[in-house]
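Enquirer: Can you read through this structure? Questions will come right after.
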Amino acid sequence: MYLLHRLRALGMTVQAFEAGTDIGGTWYWNRYPGARFDSESWSYGYSFSQELLQEWDWKEHFSPQPDTLEYLNLVADKFDLRRDIQFSSTVTAAHWDDDTDTWTVTLESGEQARSRFLFTAVGILSAHTLPAIPDRDSFRGPAYHPARWPKTPVDFNGKRVGVIGTGATAIQAIPEIAKQAEHLTVFQRRPNWAAPLHNSKISKEEMAEIKTRYDEIYARCRESPSWFIHRADPRKTSDVPPEEREAFWEKLYAEPGFGIWMGNFRDILVDEKANAAVTEFIAKKIRQRVKDPKVADKLIPKDHGFGTRRVPLESGYFEAYNRDNVLLIDLNETPIDRITPAGVKTSDREHEFDILVYATGFDGVTGAFDRIDIRGPGGVRLKDVWADGPRTYLGWQPEGFPNLLMVLGPHTARGNIPRAAEHGVECLTGLLEFMRARGYARVETRPEEVAAWTETVVKAAAPLLSSKVDSWQTGVNRNVEGRTVRRVLGYNGNGAYYRRKCDEVAAGGFQEFLFR
Ligand SMILES: Cc1cc2nc3c(=O)[nH]c(=O)nc-3n(C[C@H](O)[C@H](O)[C@H](O)COP(=O)(O)OP(=O)(O)OC[C@H]3O[C@@H](n4cnc5c(N)ncnc54)[C@H](O)[C@@H]3O)c2cc1C
């Protein structure tokens, strides 16, 4: 939406295509119970308009999905964005014509459009994936994916519910479903670490005070490694005596948001020993919160350390397993054979349900690109070029695809996403402005710059413990064919460095690109 706004301001003719029936992206699709931010709301909103910042009141420190969708609707209305967005329009193909230097975009309906430039803003977590379980569609009751949740709330009252998956969305949804359902069965393949969100309401007075601090908040995000308000503690874990360390972790665990992950000692995500220490602390917390020690043990991950996958933040997730109406099934003990009309057949028995939830996540970062047949000069397919990992310059443009520009493309820095997205939009529209001023009609990457940036990205990922773990961040998804090999999908160095690097490229006249 911000890209559309900026391109219009440049006087360009813009047409946006959106698969959904309305605006909102993530917050349009993910309507499941418990869906909310893990970013502080007041650090998530757009920062480009002072008027908008002053107009909108966040109601909770971690905004629930309905409020965020309301906010995004306000933005769309305020900047009159809808008139250039064509809804219910899934883009299935985009082909480059080298003779005319144009892109032709094809929609699912067969409709086509031609343009000089093609921007992607397809989302890093928009390509949802269903579980690869035999007879998946044979279930006779309703089955929902959190990212394709119905617009009218699902009534779980008096229902037997099965949830497959224990990733970030399941961790948000399970406590809410457990409160309503007659019985809830959770099927877990791999547990995830999770830490408390500690959400709370924002009073009118507090919001008024936050509004006076927006400049400071956004400045802090700009200079933080992951664009959040949180920053690592400069000490190493081993610098601090055990009792003091424990007290520090207790403090972080009791605070809202990602402090326990991003405000922790600076070595917990790179040093095995430091990571093992904080991991043991979090495991202890799970044991304290879950009454049945056997259930607690099943909920404690054994194959990766705390923080090496994006940490889901939860509100009563572990306590949900203390309820009489909740059962945890460990799929390592009793794997799922198949889905049946009545429910789920595991190796030992059939579980019967009225409702199933496939909380099986997304084909992250490159998934939405792969679902479009993108072809550059000579019919070369982007999907093939990226098979072993993306190749881009700064994540702005893929190698070998002229005039294709990406907001939040692979190999950009991420974290608190809107901060990164706003910066990306400003970089890309800056590039267009530069081209227009000089009468250029075509931009592409320089091979040596792509090679250097790809090396930077790979080097930045190397010391991180997260690079040694399967996750959507490393491109592994066992529900998607071929997604078994880890790839580096983002620039995982310091976001503040990335910002400066991009700003320098712009200030230097975009010499790293080829123009015509
Ligand atoms: C449940 C959930 C919670 C999250 N919470 C946070 C958070 O707290 N903080 C944070 O920073 N990030 C969070 N994220 C990440 C979130 O995706 C981003 O914050 C933000 O929404 C990204 O905006 P976007 O416009 O880049 O992508 P999206 O919001 O994903 O929008 C992309 C849009 O592109 C459309 N699209 C994709 N492919 C096509 C196609 N082929 N044709 C037509 N349309 C297409 C999709 O329908 C979608 O509407 C969360 C993600 C999820 C799924």
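Enquirer: Counting Lys and Arg as +1 and Asp and Glu as -1, what is the net charge of the other residues whose Cβ lies under 12 Å from the Cβ of Val295?
Expert: +2
Enquirer: Once you have the Kirkwood Rh of the chain from its Cα pairs, apply Stokes-Einstein at 4 °C and 1.567 mPa s and quote D in µm²/s.
Expert: 53
Enquirer: Report, in debye and to the nearest 20, how large the dipole of region 21-144 comes out about its Cα centre when Lys and Arg carry +1 and Asp and Glu carry -1 on their Cβ.
Expert: That gives a dipole near 360 debye.
Enquirer: OK, next. Please report the accessible area of Glu70 (heavy atoms, 1.4 Å probe, ligands and nucleic acids excluded) in Å², nearest 10.
Expert: 100
Enquirer: Going by average Cβ neighbours within 10 Å, how do the peptides 360-373, 114-127, 392-405, 284-297 rank, with the highest at the top?
Expert: Highest mean packing first, the order is 392-405, 360-373, 114-127, 284-297.
Enquirer: Accessible area of Leu313, 1.4 Å probe, to the nearest 10 Å²?
Expert: 10
Enquirer: Distance from the Cα centre of region 67-88 to that of region 243-286, in angstrom?
Expert: One Cα centre to the other: 39 Å.
Enquirer: Sticking with this structure for a sec: Tally Lys/Arg at +1 and Asp/Glu at -1 over every other residue whose Cβ is under 12 Å from the Cβ of Arg371; what's the total? All intermediate terms of the calculation are to be shown ahead of the outcome.
Expert: Details: positive: Lys383; negative: Glu108, Asp363, Asp370, Asp373.
Neighbour charge sum, excluding Arg371 itself: -3.
Enquirer: Right, something else. Cβ under 13 Å from Gly25's Cβ, Gly25 left aside: what net charge do those residues give with Lys, Arg +1 and Asp, Glu -1?
Expert: Spelling it out: positives minus negatives among the neighbours equals -1.
Enquirer: Follow-up question, since we're still on this one. Calculate one ³J(HN,Hα) per residue across region 24-35 by plugging θ = phi - 60° into the Karplus curve 6.51 cos²θ - 1.76 cosθ + 1.60, and present them in order as whole Hz with x for glycine and proline.
Expert: With the stated coefficients, region 24-35 comes to x, x, 3, 8, 7, 7, 8, 9, 5, x, x, 5 Hz.
Enquirer: Please say if region 393-471 is rounded, prolate or oblate, where rounded means a/c under 1.5 for a ≥ b ≥ c the square roots of the C-alpha gyration tensor eigenvalues, and otherwise the choice is prolate for a/b larger than b/c and oblate otherwise?
Expert: In terms of gyration-tensor shape, oblate.
Enquirer: Among Ile210, Gly25, Asn275, which residue has its Cα positioned farthest towards the positive end of the charge dipole of the chain, with +1 placed on the Cβ of Lys and Arg, -1 on the Cβ of Asp and Glu, and the dipole taken about the Cα centre?
Expert: So the residue furthest toward the plus end is Asn275.
Enquirer: Could you work out how far the C-alpha centroid of region 360-418 sits from that of region 113-187, in angstrom?
Expert: For region 360-418 versus region 113-187, the Cα centre distance is 25 Å.
Enquirer: Could you work out the Rg to Rh ratio of region 292-442, with Rh taken as the Kirkwood radius (inverse of the mean 1/r over all Cα pairs)?
Expert: Values: Rg = 22.9 Å, Rh = 20.3 Å.
For region 292-442, the value is 1.13.
Enquirer: Right, another one. List the GluC sites (Glu not before Pro) within region 297-382 that fall in a DSSP loop (any state other than H, G, I, E or B) and whose Cβ has at most 16 other Cβ atoms within 10 Å.
Expert: Glu333
Enquirer: Here is a further query. Run the dipole for region 5-67 about the Cα centre, Lys and Arg Cβ at +1, Asp and Glu Cβ at -1, nothing else charged, and hand back the magnitude in debye, nearest 20.
Expert: Values: 5 positive and 9 negative charges, 47 e Å.
Dipole about the Cα centre, nearest 20: 220 debye.
Enquirer: Separate question: Determine the calculated [θ] at 222 nm for the chain from helices alone, applying -39500 (n - 2.57) to every DSSP H run no shorter than 4 residues and normalising by the residue count; nearest 500 deg cm²/dmol.
Expert: Details: 18 runs with 170 residues, N = 516.
It lands at -9500 deg cm²/dmol.
Enquirer: A follow-up question, please. Relative contact order of region 206-344, please, whole-number percent, based on alpha carbon pairs below 8 angstrom and at least 6 residues apart.
Expert: Once normalised by length, the contact order is 17 percent.
Enquirer: Go through 204-214, 465-475, 18-28 and give me the packing order, highest mean Cβ count within 10 Å leading.
Expert: Those peptides, ordered most packed to least, come out 465-475, 18-28, 204-214.
Enquirer: For the chain, what's the relative contact order in percent, using C-alpha pairs closer than 8 Å and at least 6 residues apart?
Expert: Across the chain, relative contact order equals 20 percent.
Enquirer: Then there is this: Could you tell me the relative contact order of region 294-449? Use alpha-carbon pairs under 8 Å, at least six residues apart, and round to a whole percent.
Expert: Working: 125 pairs, mean separation 18.4, N = 156.
Rounded, it is 12 percent for region 294-449.
Enquirer: Pairs Lys179/Lys285; Lys201/Lys285; Lys294/Lys345; Lys59/Lys298: which exceed 29 Å Cα-Cα?
Expert: Beyond 29 Å: Lys59/Lys298.
Enquirer: Relative to a virtual label point 7 Å from the Cα of Arg116 in the Cα→beta-carbon direction, which members of region 1-23 show backbone nitrogen distances below 15 Å?
Expert: Answer for region 1-23: 7-15.
Enquirer: Name the residues whose placed amide hydrogens come within less than 5 Å of the amide hydrogen of Val357, ignoring near sequence neighbours (fewer than 5 apart) on the same chain.
Expert: Tyr144, Gly162, Val163, Ile164
The values are calculated or read from the model by the stated rules, or taken from the named source; none is laboratory data. Treat the numbers as computed from the prediction; the structure is a model and nothing was measured. All Cβ positions, glycine included, derive from the backbone under ideal geometry; neighbour counts span all protein chains shown. Note: accessible area is taken over every heavy atom of the protein model, side chains too, but ligands, DNA and RNA are not part of it. Shrake-Rupley method; radii C 1.70, N 1.55, O 1.52, S 1.80 Å.
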